[in-house]
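Coordinate-derived values only; no laboratory data. Fair warning: this is a prediction, and the values are worked out from it, not measured in the lab. Every residue, glycine as well, gets a Cβ built from its backbone with ideal geometry; the counts of neighbours run over all protein chains shown.
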Amino acid sequence: MSIASVTLADVEAVVLAVTAEALNVPEVHLDDNLLELGVDSLVATRIVAALRTRFGADIPLLNIFEYPELREFAISVLDTIQDAPQE
């Protein structure tokens, strides 16, 4: 899948999987709040690093704290991907 064709559903699925893995829990949901789930700066860094690797875009760490609901965070990730220069 090319980055140009990434959909919100694609990003949501990856964000959910990466977050669950970083928190070492079986699953998380789009209406979950990252801060309420216990995401601190170390976990946030792991989540963002995994997303940067997966999507090849410079996703700001601050987005986790500005958009703590997973649905909103996923939208911010998609916006960053779409705004990134295409190779």
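The table below gives the values:
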{"quantity": "Given charges at beta-carbon only (K, R positive; D, E negative), |dipole| of the chain in Debye", "calculated": "280 debye"}
{"quantity": "Extended-chain gain in nm, criterion 0.36 nm per residue less alpha-carbon gap, Ala17 and Ala49", "calculated": "10.2 nm"}
{"quantity": "Cut-off under 5 Å, modelled amide H: who pairs with Glu69 long-range", "calculated": "Leu34"}
{"quantity": "Additional length obtainable on full extension of the chain from Leu42 to Ala84, 0.36 nm per residue less Cα span", "calculated": "12.6 nm"}
{"quantity": "Helix-only CD estimate at 222 nm, as mean residue ellipticity for the chain, using -39500 (n - 2.57) per DSSP H run (n ≥ 4)", "calculated": "-18000 deg cm²/dmol"}
{"quantity": "Relative contact order for the range 3-83, counting Cα pairs under 8 Å that sit 6 or more residues apart, in percent", "calculated": "39 percent"}
{"quantity": "Identified option (computed Cα extents along the principal axes in Å; candidates (i) 36, 21, 18; (ii) 84, 21, 21; (iii) 49, 28, 23)", "calculated": "(i)"}
{"quantity": "Zone of Val25's modelled label, taken as backbone nitrogen in the range 37-73 under 12 Å from a point 7 Å along Cα→Cβ", "calculated": "37-40, 70"}
